[in-house]
């Protein structure tokens, strides 16, 4: 990686940002959400569980208390979470099939616009197409879906119905899930298309500030919920 983008990313780090090796090469304030060539299932599996502050940041990002044990697996140029890995079962045992959860509000908005523009229609047509490049795309997508499910099963065992996330090997119904999969592992053809179509993600700066952690109502809800159950960081595998 060149020194220029790295310096830009370091300069961009907000007060809550962290540089723990998860900020992708080339990430900068002008292009804050960038795929990382080093992303992989092994790296995603090895990440430690998020601490209380990181769970609070994620809660503010998604607008509700974060559920389940999570680990940050990708960061933006500001050093804030972009994607988290979530255990396949919530603390009460409820199945949670979406392993990689995309948290960045700006990226979520851009992907929402892609869905509103009916991008999934074109993707699903490709998955059902008979041109050689469509067949290759469909084959790669199906294989990636199987690897996603295998990874989830290794984390917490099979879930009832053995569901996929964001669709199936033959169709997609949520681009956010596939974008999270791609940023976390570099293993989603649909997610790769989605992230590239969304870039550069329009972002004016860190989406969460220390003040948010002090007085945001969602953080207060999270703290109350955490007080009623064991600390997910303390109960490590």
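Values quoted throughout were computed directly from the atomic coordinates according to the rules given, and no laboratory measurement underlies them. Every value quoted in this text rests on a predicted model; they were computed, and no experiment measured them. No Cβ is skipped: glycine too gets one built from the backbone with ideal geometry, and neighbour counts run over all protein chains shown.
Numerical summary
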| read-out | value |
| --- | --- |
| Most to least packed among 154-162, 115-123 [average Cβ atoms within 10 Å] | 115-123, 154-162 |
| Global form of segment 1-134, assessed from the alpha-carbon gyration tensor, a/c cut-off 1.5 | oblate |
| The chain: C-alpha gyration tensor shape, a/c 1.5 cut-off, then a/b vs b/c | oblate |
| Segment 153-236, Rg to Rh (Cα coordinates; Rh as Kirkwood inverse mean 1/r) | 1.07 |
| Alpha-carbon centroid distance for the pair segment 56-71 / segment 142-196, whole angstrom | 20 Å |
| Tensor-based shape of segment 73-193 (alpha-carbon gyration tensor, a/c under 1.5 rounded, otherwise prolate or oblate) | oblate |
